[in-house]
1. Taking the criterion of being within 18 Å of the chain's Cα centre (by Cα), in a helix (DSSP H, G or I), closer than 18 Å to ALA75 by Cβ and of a type in the set (A, V, I, L, M), would at least one residue in region 119-130 satisfy it?
2. For PHE54, state whether it is in contact with a Leu (Cβ under 9 Å, 6 or more places away or on another chain), outside any loop (DSSP other than H, G, I, E, B), within 22 Å of VAL274 (Cβ to Cβ) and modelled with pLDDT of 95 or more.
3. Which residues, taken from region 255-272, are more than 15 Å from GLY293 (Cβ to Cβ), in contact with a Gly (Cβ under 9 Å, 6 or more places away or on another chain) and among the hydrophobic types (A, V, I, L, M, F, W, C)?
4. Please specify each residue of region 119-146 satisfying the condition of being touching a residue at least 60 places away in the same chain (Cβ under 8 Å) and in contact with a Lys or Arg (Cβ under 8 Å, 6 or more places away or on another chain).
5. Answer yes or no: is there a residue in region 70-81 that is touching a helix residue (DSSP H, G or I) at 6+ places or on another chain (Cβ under 6 Å) and part of a loop (DSSP other than H, G, I, E, B).
6. Restricting attention to region 155-184, and to residues there that are surrounded by 14 or more Cβ atoms within 10 Å (Cβ to Cβ) and of a type in the set (Asp, Glu), which single residue is farthest from LEU203 (Cα to Cα)?
7. Which residues, counting only those in region 89-104, are touching a strand residue (DSSP E or B) at 6+ places or on another chain (Cβ under 9 Å) and either farther than 12 Å from MET177 by Cβ or of a type in the set (A, V, I, L, M, F, W, C) (or both)?
8. Here are some conditions: (1) of a type outside the set (Ser, Thr, Tyr); (2) within 29 Å of GLN247 (Cα to Cα); (3) crowded, with 16+ Cβ neighbours inside 10 Å; (4) at pLDDT 95 or above. PRO133 meets all but one. Which one does it not meet?
Amino acid sequence: MQEYIDLPKEYLRFPEPYKQVPRMNRLAHTLAGLVLFPIYWIMAYAVRTPGLTFRMLCALKGMRLLLRERDYVRAYGLLVAPLDSVRYFEFDFMWNAVKRIKIQSYLDVSSPRMLPLMITDREKCLEADLINPDKKDLPATISLAKSFGVADRCRFHSCLIEEAPLQLGSFDLITSMSVIEHIPDDKGAIQKMWNLLKPGGVLLISIPCAAKASEEYTNLNDYELIDTDERGFVFWQRYYDEALIQQRVYSITGQPRRVRIYAEKEADSYSRNVTQKRSDPYYPYWREPLMMGMQYEFKDRLADLPGMGVIAMEFVKPDQKSNPLK
């Protein structure tokens with residue numbers, strides 16, 4: 001298959017976020033979230049937003065933090081806005097997939113922290129390795145793991161997947177939610193995960209997708225893992241079309257056992273939403289579940305996407321002697 005040399009590039013210049021928000025305004029915004037989040041949550045059921053069960057589990061964890069630890073800040077986040085945007089679909093796909101897999105050894109590669117922590121919490125005999133190269137973010141994951149009571153079964157690695165000191169062929173399950181697209185050598189990262197997986201093990205990944213592949217650059221270097229160019233932009237993520245997925249993913253893993261696509265109904269609704277979140281200190285995160293059900297839908301083919309979407313895939317590493325299903 002012909003190699004991709006240069007993908008079309010798109011440049012997003014986000015406005016600088018507000019540095020300070022008046023205390024009274026912040027308090028009013030917080031109270032509005034407490035009052036309105038259950039209303040939007042309930043309305044989301046009417047439009048069949050995926051991931052509402054996982055959202056409920058997050059809320060239950062929030063109540064536990066509130067009642068047992070008086071951790072008001074994290075409890076608020078888990079109650080009012082534990083997920084956002086296409087995460088509703090991604091968490092739903094992976095959470096339901098894990099229910100059918102026998103797991104003793106588990107690796108997560110930089111997914112949003114609620115996924116590996118909730119999986120580790122549910123599977124009581126599980127030992128987990130969590131990779132997070134963001135040294136500023138990792139302490140928050142460790143702290144939440146302690147609150148969930150799973151930190152003693154987790155090993156935390158502040159490194160890139162390519163540098164992870166892990167034994168090949170040692171994991172029953174590997175998850176990576178919307179991470180591969182941020183890695184310059186995405187094919188190398190997929191190969192490393194595949195090598196770390198046991199025969200018969202399961203790999204769950206999700207990546208942004210579109211009818212035509214492209215790369216996105218922004219003026220905000222959130223993770224500071226990649227240098228900015230001379231124009232002040234940094235590589236942010238790529239969108240995969242069918243050909244790019246075949247080249248970068250399926251060439252290593254083979255075809256997925258299961259795949260689903262969730263995409264915006266109208267092109268550019270995602271980029272408008274992301275821009276608003278990064279610039280508006282009063283963005284109503286509690287509206288996310290209803291917004292997702294109204295502005296996104298399941299698709300059968302990448303060629304049908306009017307704009308961006310997310311494709312989630314489940315792979316099983318071939319093994320004739322074992323079956324990972326319960």
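1. Scanning region 119-130, I find no residue that is within 18 Å of the chain's Cα centre (by Cα), in a helix (DSSP H, G or I), closer than 18 Å to ALA75 by Cβ and of a type in the set (A, V, I, L, M), so the answer is no.
2. Values: in contact with a Leu (Cβ under 9 Å, 6 or more places away or on another chain): yes; outside any loop (DSSP other than H, G, I, E, B): yes; within 22 Å of VAL274 (Cβ to Cβ): yes; modelled with pLDDT of 95 or more: yes.
Considered against the rule, which asks whether it is in contact with a Leu (Cβ under 9 Å, 6 or more places away or on another chain), outside any loop (DSSP other than H, G, I, E, B), within 22 Å of VAL274 (Cβ to Cβ) and modelled with pLDDT of 95 or more, PHE54 comes out as yes.
3. So in region 255-272, the residues more than 15 Å from GLY293 (Cβ to Cβ) come out as 255-261, 267-268, 271-272.
Adding the requirement that they be in contact with a Gly (Cβ under 9 Å, 6 or more places away or on another chain) leaves 261, 267-268, 271.
Passing the criteria: ILE261, ALA267.
4. Within region 119-146, just LEU144 meets the criteria.
5. Pass one, region 70-81, residues touching a helix residue (DSSP H, G or I) at 6+ places or on another chain (Cβ under 6 Å): 71, 74-75, 78-81.
Filter once more, keeping what is part of a loop (DSSP other than H, G, I, E, B): 71, 81.
Yes - at least one qualifying residue is present in region 70-81.
6. Taking the candidates together, the pick is GLU181.
7. Once the filter is applied, which keeps residues that are touching a strand residue (DSSP E or B) at 6+ places or on another chain (Cβ under 9 Å) and either farther than 12 Å from MET177 by Cβ or of a type in the set (A, V, I, L, M, F, W, C) (or both), region 89-104 yields PHE89, PHE91, PHE93, MET94, ALA97, VAL98, ARG100, ILE101, LYS102, ILE103, GLN104.
8. For PRO133, the exception is condition (4).
The values are calculated or read from the model by the stated rules, or taken from the named source; none is laboratory data. No experiment lies behind these values; they were computed from the predicted model shown. All Cβ positions, even for glycine, are placed from backbone atoms using ideal geometry, and neighbour counts span all protein chains on display.
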